[in-house]
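Encoded as structure tokens, the structure appears first; notes follow it.
Values quoted throughout were computed directly from the atomic coordinates according to the rules given, and no laboratory measurement underlies them. In this text the structure is predicted, and so the values were computed from the model without any measurement. Here the Cβ positions follow ideal geometry from the backbone for every residue, glycine too, while neighbour counts run over all protein chains shown.
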Amino acid sequence: MAEAGKKDSGSQRVLICGDVNGKLDRLYHDVIRLQEKHGKFDFLLCCGKFLPNDKNEEFQEFVKGRKKIPIETYFIDNESDTFCGHGTSDVVALGTTNMLFFLGTHGVKDIRGVRIAHLCGMMPPKKDDYNLSFKNKNGENAYGSHFYNAGVIDHIKNQKGIGIDILLTSEWPENVMDGTDQAPQIEKSSPAVAELADFLEPRFHAAALANRFIRRTPYKSNNQKIVCRFIGLGVFDKTAEMMAQKSIHALIVCPYEKAKATLFKDSEKSTESPFKNIKLPEADKWATRTKGDLIVRSNDGKNWNVHKKVVAAGSGPFFLLIQNATKAGNSITLPEEGDVVELLLQWLYRGQLNLVGVTYAHLCRLMVLAEIHGIGKLVKQTNTHLEEAGKSFPLPADVVFIITLLNHNIQLDNCAKWYDSIKAMMLRDRPELVDALLEEL
């Protein structure tokens with residue numbers, strides 16, 4: 001094996017393969033045939049699904065050395081909880097042949113001077129899970145299962161270094177076909193892979209799972225304008241009903257440090273980067289909260305666990321509600337979004353509002369919540385702040401939301417007062433919003 005940091009003198013002849021599914025007999029038969037026809041290749045990279053679904057004998061024959069492996073083989077996998085969820089970012093040799101290697105869950109490796117970034121696993125089907133945090137025994141960002149997460153992506157980004165020759169992923173990058181006249185790839189694509197490709201600016205990027213072979217028109221990266229070439233690979237282990245697609249592809253790769261003169265080759269024939277509007281799941285700030293915080297949201301997003309310091313901070317009916325819930329080991333239920341609940345409980349603890357980043361809509365929502373629970377001092381404070389904010393009318397663009405909120409709580413004294421006041425000011429200063437308001441109400 002070419003260890004990390006070990007440099008070979010010249011360009012490397014590399015084979016890249018799509019989903020193998022453990023069918024090593026067929027894979028190495030084709031590799032031998034290619035080498036007989038085109039000469040020796042230096043190593044083989046496999047993306048998509050490499051491992052078999054079970055410990056089949058064919059796979060074990062090669063792992064145990066009873067059958068010869070004709071080329072150094074490095075692989076990632078998309079769905080193995082054993083290799084992803086319980087593995088590390090280190091390279092792992094399978095068996096004793098020193099010819100078959102798991103590249104590790106994620107990271108950047110140097111193989112014969114070629115810098116290879118790689119990402120195992122898939123985007124979580126639940127968007128919120130993308131921002132969950134896991135650590136391995138070494139304290140590194142890690143997987144919780146075969147689904148990667150934002151911490152894993154950040155770890156790879158931090159290893160970019162001078163540049164990346166090849167990016168190896170299981171999934172396609174989302175929107176990669178934008179800027180071409182060819183069909184987009186919706187299934188088996190990921191915005192996280194797109195973000196990673198955009199950041200790393202790899203000279204080559206290979207992905208699989210979709211059983212679609214394509215050499216996309218080269219594109220220029222957003223930052224350095226490096227010419228990047230994406231390769232989609234077909235399923236190597238095809239079933240009878242699958243459309244025939246090329247699943248193994250050859251590259252000649254000059255290591256990055258020696259290829260600087262060619263980083264922009266064919267720029268005039270390249271498209272702009274397809275990664276302009278990538279949207280990733282936003283991090284939920286409550287997901288990383290611990291029991292030591294003043295307030296922690298429960299998994300259902302509607303209940304709140306309150307720190308004992310908040311419970312001990314004051315008195316009144318609402319404090320009694322919290323105290324009783326806390327003594328019983330229960331959470332409290334409040335009909336509001338997290339940012340407003342946090343403002344409420346911080347006020348209970350500190351006795352004053354921190355208005356940094358607080359909008360007019362926040363104040364209205366907080367006033368409604370305080371009035372519902374009979375927290376008179378907070379109602380008074382929010383009214384004072386609303387009066388000060390009201391001096392800068394016309395209202396911001398969310399005026400329709402605000403007046404709708406107040407209308408829905410019109411039975412509350414302060415809501416009725418502000419409803420009439422804001423409606424009058426809106427009619428006077430923002431008449432263009434009246435139609436929108438009528439539609440909403």
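From the alpha carbon gyration tensor of region 324-382, can you work out the equivalent ellipsoid semi-axes (sqrt of 5 times each eigenvalue) and give them in Å, largest to smallest?
Working through the eigenvalues yields semi-axes of 20, 12, 12 Å.
Using a 10 angstrom Cβ neighbour count of at most 15 plus a DSSP loop assignment to flag exposed GluC sites (Glu not before Pro), which longest range of the chain is free of such sites?
Here the longest segment lacking exposed loop sites spans 4-186.
Using Cβ contacts closer than 10 Å as the measure, can you line up HIS249, HIS205 from fewest to most?
HIS249, HIS205
Multiply the residue separation of ASP30 and PHE401 by 0.36 nm, subtract the distance between their alpha-carbon atoms, and state the gained length in nm to one decimal.
127.2 nm
Got a sec? Charge dipole of region 12-269, +1 on Cβ for Lys and Arg, -1 for Asp and Glu; which of SER133, ASN21, GLY232 is way out at the positive end?
Final value for the positive-end residue is GLY232.
Charges only on Cβ, +1 for Lys and Arg, -1 for Asp and Glu: so what's the dipole of the chain about the Cα centre, in debye to the nearest 20?
Value, rounded to 20: 1320 debye.
Stretch LYS327-LEU427 to full length: gain in nm at 0.36 nm per residue minus the Cα-Cα span?
Between LYS327 and LEU427, full extension yields an extra 31.0 nm.
Select from ALA183, ILE402, VAL358 the residue farthest towards the positive end of the dipole of the chain; place +1 on Cβ of Lys and Arg, -1 on Cβ of Asp and Glu, and compute about the Cα centre.
It is ALA183.
What is the spin-label model distance, in nm, from ASP81 to ARG13 if the labels are put 7 Å beyond Cα along the C-beta direction?
4.3
Can you match Cα extents along the principal axes in Å to one of these, (i) 80, 48, 41; (ii) 87, 53, 44; (iii) 65, 41, 35, based on a calculation from the structure here?
(ii)
Long-range amide H contacts for SER189: which residues qualify at under 5 Å (H placed 1.01 Å from N, peptide plane, sequence gap of 5 or more or a different chain)?
Under 5 Å from the amide H of SER189: TRP172.
Relative contact order, percent, of the chain when contacts are C-alpha pairs under 8 Å separated by at least 6 residues?
Contact order relative to length: 12 percent.
Report the calculated FRET efficiency for GLN182 and VAL91 (r = Cβ-Cβ distance, R0 = 35 Å), to the nearest 0.05.
0.50
Report P(r) for region 12-269: all Cα-Cα distances, bin width 5 Å, range 0 to the bin holding the largest distance, values in whole percent.
Pairs per bin, as whole percents: 1, 6, 14, 18, 20, 18, 13, 7, 2, 0, 0.
Choose one answer from PRO317, PRO255, PRO274: the residue with the largest mean-square fluctuation in a GNM of the chain with alpha-carbon springs under 10 Å.
PRO317
In nm, give the distance between the simple-model label positions of ARG215 and THR239, each being 7 Å from the Cα along the Cα-to-Cβ direction.
3.1
Within 10 Å of each residue's Cβ, count the other Cβ atoms and sort MET242, MET426 from fewest upward.
MET242, MET426
Starting from the 7 Å offset along Cα-to-Cβ, what nm value, one decimal, do you get for the label separation of ALA259 and ASN136?
Between ALA259 and ASN136, the label points sit 2.6 nm apart.
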